[in-house]
Amino acid sequence: MAFVKANLGGSIQSSVLEVDVDSFEIKSLNSNTALIQSIWNPPISGTVYGVLLNYQSSLEQMGEALTQDPYKLPPQAPILYIKPKNTFLGHRGEVPMPAEVDELEVGASIGVVIGEKATQLSVEEALDYVEGYTVVNDISIPHESVFRPAIKEKVRNGFCPTGPWIMEKKAVGNIDDKTIQVYVNGELKQQNTTKNLVRSVSQLLSDVTEFMTLYKGDVLLVGVPENCPKVTRNDHIRIEIESIGTLENTVK
């Protein structure tokens with residue numbers, strides 16, 4: 001059993017739920033139980049920072065392009081971008097499909113939720129500053145270049161579904177050994193593991209906080225695996241992350 005924080009219904013305060021870590025079955029609720037089947041708001045409130053090319057194969061897929069213009073050399077530090085609040089969407093919410101595009105990319109990622117102000121953290125102490133973890137779908141319009149921030153492609157309304165909750169850190173165990181699976185309309189389309197991260201979660205936290213401060217409630221995405229599944233209108237997306245949760249959304 002583990003405790004999670006969720007934002008149910010119209011409440012601005014988190015509800016604490018008791019869940020089974022293996023089945024994610026909810027055991028108890030200190031709020032109206034009817035809300036379990038209705039509205040799940042995003043459980044996060046801070047700034048969400050994404051990280052590019054933090055899976056080994058996604059870096060390898062870039063190949064020699066990283067040594068040519070405009071990149072010139074492989075990344076020497078984390079490549080960051082922001083998913084602003086207009087992108088936030090909860091579990092079971094509908095992802096708005098822009099009229100001018102035919103497909104979207106599913107970006108399955110673990111969201112590391114910061115528990116206290118974190119700056120210049122060592123690798124050894126980095127996880128001490130983590131409150132818990134959540135499931136994030138870093139949706140984007142397909143694009144190739146990572147040289148400049150893909151603002152038009154990544155920060156559309158509803159392009160950052162998150163949830164259904166924040167799982168407490170101690171219930172997750174080794175965050176650098178978690179399986180991530182993506183299902184589209186019930187069919188498994190992607191599977192990977194955080195064993196394949198270029199920078200482990202603690203190393204990533206250390207590298208990022210070397211030059212910027214993360215605050216309580218901020219969320220750092222660990223990265224998106226290669227070969228992102230494509231979805232279109234009316235598709236149902238389910239992202240399952242071991243020990244953390246299952247996030248479901250439909251493309252509107």
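Here, each number is a calculation from the coordinates, and none is a lab measurement. Everything quoted here is computed from the prediction, not taken from an experiment. Note that each Cβ is placed from the backbone with ideal geometry, even for glycine, and that neighbours are counted across all protein chains shown.
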How much length is gained on full extension from ASP22 to ASN234, taking 0.36 nm per residue of separation minus their Cα-Cα distance?
73.4 nm
Using a Förster distance of 41 Å, the FRET efficiency for ILE79-SER45 (Cβ separation, nearest 0.05)
0.95
Of the stretch 84-114, those with amide N under 17 Å from the point 7 Å along the Cα→Cβ vector of SER57 are 106-110
State the Cα centre-to-centre distance between the stretch 167-206 and the stretch 72-138 in whole Å.
12 Å
By count of other Cβ within 10 Å, fewest leading, how are ARG233, ARG238 ordered?
ARG233, ARG238
Once Lys and Arg are counted +1 and Asp and Glu -1 for all other residues with Cβ under 9 Å from that of SER243, the total becomes -1
Amide H to amide H under 5 Å from ILE39: which residues, 5+ apart in sequence or cross-chain, H placed 1.01 Å off N in plane?
GLY9
Between the DSSP loop rule and a limit of at most 13 other Cβ atoms within 10 Å, which chymotrypsin sites (Phe, Trp or Tyr not before Pro) in the stretch 123-194 are left?
PHE147
Two-decimal log10 I(q)/I(0) for the stretch 195-252, as the Debye equation yields it once each C-alpha is a single scatterer, q = 0.14, 0.16 Å⁻¹:
-0.61, -0.75
Along the principal axes of its C-alpha atoms, what lengths does the stretch 41-251 span, in descending order and rounded to whole Å?
44, 42, 28
